[in-house]
Amino acid sequence: MADDLDPNAFDHLASGIRLAGALIPAAGPVLAELLTEVIPSQRKDRLVEYMRRLDYRLQVVEAEMAGACDVFERNARSEYGTAIIEDSMIQSARTVEPESRERIAALVVRSLTEEELQYERTRKLLNLYIDLTYSEVIHLLYAALFSTAAGRTKDDFYSAHEAVLRPEFPAQDPASVDLERASFVSSYENQLIRLGLVSEISDEGRDRLQPTGIGAALARLIVLESDYRPVTGQD
């Protein structure tokens with residue numbers, strides 16, 4: 001399967017997306033329409049996968065909030081909603097990690113199922129998310145800690161992501177390991193501070209990160225149920 005599609009191949013993409021739309025009950029029709037009309041040719045495997053993730057996220061929200069699908073469709077068909085979906089599809093086609101597409105889908109669905117679409121806020125948060133690495137996302141979520149299920153604690157999250165929050169590096173000298181670890185963690189934290197997503201505060205004599213208003217908003221939109229389960233290492 002070719003990643004990049006020429007103009008003739010886009011016709012085949014359009015047909016494939018219409019078929020996928022028919023197979024995806026909640027979000028498929030409107031997404032297929034938007035994709036075939038406004039999205040330039042991209043990597044169709046990632047786009048179709050992203051559509052499925054959008055549909056799954058929409059069904060999750062619909063199960064929690066009756067009428068969410070109708071709100072999503074109304075917002076998605078608006079000029080601003082279309083722009084958000086277009087941006088999210090382009091970014092999803094570029095990203096390598098499936099988890100990143102899942103977080104983009106969560107952000108878009110949670111934003112477009114609000115009764116009043118906040119276009120500038122949503123687009124800002126989407127762009128901020130795109131600027132983050134996997135490790136920076138984990139550090140942001142740890143600072144914000146928005147649980148997706150009752151009873152889950154900061155310790156649960158830390159246990160699931162200890163490899164990121166306290167990374168190990170091969171070295172013979174333990175002091176070198178500590179220095180390298182500190183350097184990487186500091187780089188993640190500094191990026192979050194630079195983007196205005198967290199600030200550093202002193203808590204009982206120890207420095208820690210605290211999410212800013214925009215950081216907390218982003219964390220709420222991208223947190224996943226899987227964030228409390230152990231994961232394999234990622235970049």
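Table: residues versus (1) outside any helix (DSSP H, G or I); (2) over 19 Å from D227 (Cβ atoms).
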{"position": "D55", "(1), (2)": "no, yes"}
{"position": "V60", "(1), (2)": "no, no"}
{"position": "I85", "(1), (2)": "no, yes"}
{"position": "V96", "(1), (2)": "yes, yes"}
{"position": "A105", "(1), (2)": "no, no"}
{"position": "R110", "(1), (2)": "no, no"}
{"position": "E115", "(1), (2)": "yes, yes"}
{"position": "R121", "(1), (2)": "no, yes"}
{"position": "L132", "(1), (2)": "yes, no"}
Keeping to the stretch 34-53, report how many residues are in a loop (DSSP other than H, G, I, E, B) and at pLDDT 90 or above. 0
If a residue has to be open to solvent by less than 30 Å² (accessible area, probe 1.4 Å) and more than 18 Å from the chain's Cα centre (by Cα) to count, how many in the stretch 197-229 make the cut? 1
When A163 is evaluated against the numbered criteria (1) open to solvent by 30 Å² or more (accessible area, probe 1.4 Å); (2) modelled with pLDDT of 85 or more; (3) in contact with a Gly (Cβ under 7 Å, 6 or more places away or on another chain), which criterion, by number, is the only one it fails? (2)
List the residue pairs whose Cβ atoms are under 9 Å apart, where the first residue sits in the stretch 133-148 and is on the phi > 0 side of the Ramachandran plot, the second is open to solvent by less than 50 Å² (accessible area, probe 1.4 Å) and at pLDDT below 90, and the two are 6 or more positions apart or on different chains. L145/F157
Looking at the stretch 64-89, I want the residues that are within 14 Å of L54 (Cα to Cα) and have a partner that is of a type outside the set (F, W, Y) and open to solvent by 50 Å² or more (accessible area, probe 1.4 Å) with Cβ atoms under 6 Å, at least 6 apart or on another chain. Which pairs are those? A68/E62; C69/E62; E86/V38
Can you tell me which of T113, T153, T148 is more than 19 Å from E49 (Cα to Cα) and modelled with pLDDT of 95 or more? T113
Across the stretch 72-130, which residue is most open to solvent (accessible area, probe 1.4 Å) among those that are hydroxyl-bearing (S, T, Y), closer than 22 Å to I214 by Cβ and over 11 Å from the mean Cα position of the chain (by Cα)? Y80
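The values are calculated or read from the model by the stated rules, or taken from the named source; none is laboratory data. It should be emphasised that the depicted structure is a prediction, and the values quoted were computed from it without experimental measurement. As a convention, Cβ positions derive from the backbone with ideal geometry for all residues, glycine included, and neighbour counts pool all protein chains shown. When the accessible area is computed, the model is the full protein with side chains, heavy atoms only, and any ligands, DNA or RNA have been set aside. Shrake-Rupley method; radii C 1.70, N 1.55, O 1.52, S 1.80 Å.
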